[in-house]
Amino acid sequence: MSTKLHYFDIYGRGEFIRFLLAHAKVEYENVFVAREQMGDYKAGLAEFGQLPVLERNGQRYVQSWSVLRTLGQELGYYPTDAETAYQVDVVIEGVEEFFTKYFRPAFEQNPERKAALIKELVEFIPRMSQLVQSRLEANTSQTHIVGDKRTIADFALAAVAFNCIENPLSPFKDQIAEVVKEGEFPLVDAYFAQLATELADRLSSRGPRPF
């Protein structure tokens, strides 16, 4: 069974998919796409003109969260009951909000607007940390964000932690360091430490990227 992930040579919206594939021990090929190739992708492989695109089982899958959910269903990382699936999707919606706040200032050219967007991001990080802490406290397992087994929500949060918050090449690492204090959210720290152990092969083999 051939699996290919077409995406730019960055973490971005491809990395949580890579985390899932790595955790499930699925062999796959990274097809890195150059910006000048996007015209060809928009004309054919990428249905909505966006990346990533996953090729698997002779099918093409697009839209990053839809790809993650489809793989989750196939590989046993997405709940089969509605209530648990809702809890997973709520976390993913929160991660999407974080990504929006993270990437807007990265590409903003106006200095004043950029500063305001960075401030908004930095203020959001402790709020999100508290939300994760509260969910871990309320969950049956403090090493999983939903239930007692890995779900796609864990890989979405892993992308927040390892691509953004703990990334030494992040363009906002200095501002983030001001609000991320070791020990302030102990369950969150332990949760991500466990995820780092489970994703060690992927984390150690990928190259450094700012995004």
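What does the extension gain come out to for Ala193 and Val26, with contour length at 0.36 nm per residue minus their alpha carbon separation? Don't skip to the answer; put the middle values down first.
Working: separation 167, 0.36 × 167 = 60.12 nm, distance 2.25 nm.
Going from the current span to full extension adds 57.9 nm.
Tell me which DSSP H helices of the chain clear both cut-offs, 27 Å or more of axial length from alpha-carbon atoms and a mean Kyte-Doolittle hydropathy of at least -0.5. Mind dumping the intermediate values first?
Numbers: long enough: 82-107 (37 Å, 0.10); 111-138 (41 Å, -0.16).
The answer, listed by residue number, is 82-107, 111-138.
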### Query
Can you tell me the accessible area per residue over the chain, all protein chains present, probe 1.4 angstrom, in square angstrom?
52 Å²
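Which order do you get for Asp81, Asp89 if you rank them by accessible area with a 1.4 Å probe, largest at the top? Don't skip to the end; give the middle numbers.
Numbers: Asp81 70, Asp89 40 Å².
Ranked from most to least accessible, the order is Asp81, Asp89.
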### Query
Using the per-residue mean of other Cβ atoms lying within 10 Å as a proxy for protection, in what order, highest first, do the peptides 184-191, 169-176 fall?
184-191, 169-176
### Summary
Links exceeding 20 Å between C-alpha atoms in this model, out of Lys25/Lys101; Lys119/Lys181; Lys149/Lys173; Lys4/Lys25; Lys25/Lys149; Lys149/Lys181, come to Lys25/Lys101; Lys149/Lys173; Lys149/Lys181
### Query
Where nothing but the Cβ of Lys and Arg (+1) and of Asp and Glu (-1) is charged, how large is the charge dipole of the chain around its Cα centre, in debye to the nearest 20?
440 debye
#### Entry: Stretchable slack from Ala115 to Gln73, in nm (0.36 nm times residue separation minus alpha-carbon distance)
11.1 nm
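So if we plug the beta-carbon distance of Arg60 and Leu203 into 1/(1 + (r/R0)^6) with R0 = 35 Å, what FRET efficiency do we get, rounded to 0.05?
Values: r = 28 Å, r/R0 = 0.79.
Computed FRET efficiency for Arg60 and Leu203: 0.80.
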#### Entry: Charge dipole (the chain, unit charges on Cβ, about Cα centre) - positive-most of Ala115, Tyr78, Phe185
Ala115
### Query
Charges only on Cβ, +1 for Lys and Arg, -1 for Asp and Glu: so what's the dipole of segment 32-93 about the Cα centre, in debye to the nearest 20?
260 debye
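The values are calculated or read from the model by the stated rules, or taken from the named source; none is laboratory data. As the structure is a computational prediction, the values presented were derived from the model and not from experiment. Backbone-built Cβ (ideal geometry, glycine too); neighbour counts: all protein chains shown. Ligands, DNA and RNA are stripped out before the accessible areas are found, and what is left, the full protein with its side chains, is counted by its heavy atoms. Shrake-Rupley method; radii C 1.70, N 1.55, O 1.52, S 1.80 Å.
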